[in-house]
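Take a look at the structure below.
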């Protein structure tokens, strides 16, 4: 440290460099996929079934499968997640139980995705005998995104000022009426943000659906929740590692559709959060 | 009637609150239920230290040491790359970047966190793998090194965001005090901010490593999937220039073929137990560090 000003410049340069090392590749990844994937995208690609051993045709069944799975996951996870968030923010006291719940949420978020796959296989597919089906896959994904929904919803609920609750209670409303009529409406944007982030996560995960629902190739669409389904992330895995000689264009095209789907949801979530923060009246 | 309705709702809320505990226990129980059955055939010590993984030979050899070492090599590599870069980036974002750029950078990091791992695996296969192959002049680019680089990218969003939170929660007075004493901005960061945020940064690093150990799809697609004990030689960059196979990739790649109720099936669940225990330990420890941070401030 002979010359503090100069060493500061050098240090800041390296910090900047490190930041570039992260941000530039992210940009490159998105650009590469966009540039090489765009030529593959047309109406036929999005609306046709895969043909010639997945070397031609489209990815429609995979898109539909992912939509089913993600909807199922949210139907399961949103009510439980929201109620859990209400419990943590409105009812829980700072005690040992509360600490354990928070620790469980952290752990649930940290369980490796492939372990969720194992769990879904053991519980839903084998034990409950749902078989490899949309039901099993959705429930597995639902449990996986629970921590995201709980955490974001809780933050939204807790950011509603205490005075709102006090006024409502002092006017004679019950605790639940207060939560429903006053706290929840003010927390809705945050809850929606969490839900969309959960959707994005569920849409992109592959490992949890590997043995619970994903079908290698299915020409027809699933008819009930007990059917197997194709899914976008698994389809991308299959055509890039399991099937030889797939046209690169199709691979990039599939990657692009998946990436756009997931990033679009994240973008929507970010925008809602941003607007909400700006609009806050308190 | 209203009282009754309220009572029901409050019970529902409580039950949902407890759901996370319930699910963590349920996951662990079902892993145990399927995984412990293995130890009727193999003793736990042999399972953890056995040097060969030939699950479909007759009789099957179910030693997961090569898989543990595979995960270990890839994780070390990813940690070496992602920790310094991640912490440096967190410092840049929280201390140096001006307002607008700061928000843009945070957005970029969130974007990276959102990219599905199978997409990263795919892009790694078509760009990084050929690059590693030609730069290091290897017979194949599907190596531990490629896996480490890709995983480093997946760990960075976690490291950056948790470390940035930790830096942000250092009281302003610390920084103002140091600056008032005539320290430069960098001296303040290096001697005051970093030590004050150290336990949060440690938690960030641990959570990042947890992410790496549990990562499945990208690893399966680019590490070459060879279940042999990595040789540590100078000529193969200390084990990094050869194909390895991680615990997660083994489960993902083989569960599809394993017959429900076979030794192979049980063994894959037993690997799941190992992964669950590791991630549990990491998350609990990281949480303790984060808590210490909050108490101190």
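Where a number appears in this text, it was derived from the coordinates with a stated rule and is not lab data. Here the structure is a predicted model, which is why all the values come from computation and not from measurement. Cβ atoms come from the backbone with ideal geometry, glycine included; neighbour counts cover every protein chain shown.
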ask   = So, by mean Cβ neighbours within 10 angstrom, what's the order for A:121-133, A:173-185 with the highest one leading?
value = A:121-133, A:173-185
ask   = What does the helix-only formula give at 222 nm for chain A: each DSSP H stretch with n ≥ 4 adding -39500 (n - 2.57), the total divided by the residues, and the result rounded to the nearest 500 deg cm²/dmol?
value = -22500 deg cm²/dmol
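Which of A:241, A:66, A:254 comes first, and how do the rest follow, when ranked by fewest Cβ neighbours within 10 Å?
Final ranking by Cβ density, sparse to dense: A:241, A:66, A:254.
Taking a ≥ b ≥ c as the square roots of the Cα gyration tensor eigenvalues, with a/c under 1.5 meaning rounded and otherwise prolate when a/b beats b/c, else oblate, which class fits chain A?
oblate
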Largest-first principal axis extents, alpha carbons of region A:130-235, Å = 60, 21, 18
key: Computed lengthening from residue A:129 to residue A:75, 0.36 nm per intervening residue step minus Cα-Cα distance   = 17.4 nm
inquiry  = Given contacts defined as C-alpha pairs under 8 Å and at least six residues apart, what's the relative contact order of chain B, whole-number percent?
reply    = 27 percent
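For peptide B:8-16, how many partner chain Cβ atoms fall within 10 Å of a residue's Cβ, on average?
6
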inquiry  = Take residue B:292 and residue B:176, extend 7 Å from each Cα along the Cα→Cβ direction, and tell me the distance between the two endpoints in nm.
reply    = 2.8 nm
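Of the listed peptides B:278-284, B:211-217, B:113-119, what is their order by residue-averaged count of other C-beta atoms within 10 Å, with the highest listed first?
B:211-217, B:113-119, B:278-284
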key: For region A:64-276: relative contact order, % (alpha-carbon pairs under 8 angstrom, 6 or more apart)   = 29 percent
task = Quick one: grab the alpha carbon gyration tensor of region B:73-166, order the square roots of its eigenvalues as a ≥ b ≥ c, and give me rounded if a/c is under 1.5, else prolate or oblate depending on whether a/b is larger than b/c.
result = prolate
message = Over chain B, with a Gaussian network built from C-alpha contacts below 10 Å, which listed residue (B:285, B:184, B:248) shows the highest mean-square fluctuation?
response = B:184
ask   = Based on DSSP H runs of at least 4 residues, each adding -39500 (n - 2.57), what is the mean residue ellipticity at 222 nm of chain B after dividing by all its residues, to the nearest 500 deg cm²/dmol?
value = -22000 deg cm²/dmol
query = Which whole number gives the average count of other chain Cβ atoms within 10 Å of the Cβ atoms across peptide A:76-85?
reply = 3
ask   = Taking the alpha-carbon centroid of each part, what is the distance from region B:169-212 to region A:16-80 in angstrom?
value = 38 Å
ask   = Given a Förster radius of 51 Å and the C-beta distance between residue B:52 and residue A:28 as r, what FRET efficiency does 1/(1 + (r/R0)^6) yield to the nearest 0.05?
value = 0.80
ask   = Arranged by the count of other C-beta atoms within 10 angstrom, fewest first, what order do A:160, B:73 take?
value = A:160, B:73
message = Along the Cα→Cβ direction, 7 angstrom out, place labels at residue A:223 and residue A:9. What is the inter-label distance in nm?
response = 7.5 nm
inquiry  = Taking the Cα centroid of region B:254-286 and of region B:101-164, what is the distance between the two, rounded to the nearest whole Å?
reply    = 25 Å
Region A:1-107: C-alpha gyration tensor shape, a/c 1.5 cut-off, then a/b vs b/c = oblate
task = Could you sort B:219-229, B:169-179 so that the peptide with the highest average Cβ count within 10 Å comes first and the rest follow in order?
result = B:219-229, B:169-179
message = Let me confirm one metric for peptide B:175-184, namely the mean number of other chain beta-carbon atoms within 10 Å of its residues' beta-carbons.
response = 1
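Please report, largest first and rounded to whole Å, the three semi-axes of the ellipsoid equivalent to chain B, where each semi-axis is the square root of five times an eigenvalue of the C-alpha gyration tensor.
Here the semi-axes work out to 37, 30, 17 Å.
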Ranked B:165, A:247, criterion: other C-beta atoms within 10 Å, fewest first = A:247, B:165
note = Computed from the beta carbon distance with a Förster radius of 41 Å, FRET efficiency for residue B:14 and residue A:20 to the nearest 0.05 stands at 0.25
ask   = What FRET efficiency comes out for the pair residue B:37/residue A:55, r = Cβ-Cβ distance, R0 = 56 Å, nearest 0.05?
value = 0.85
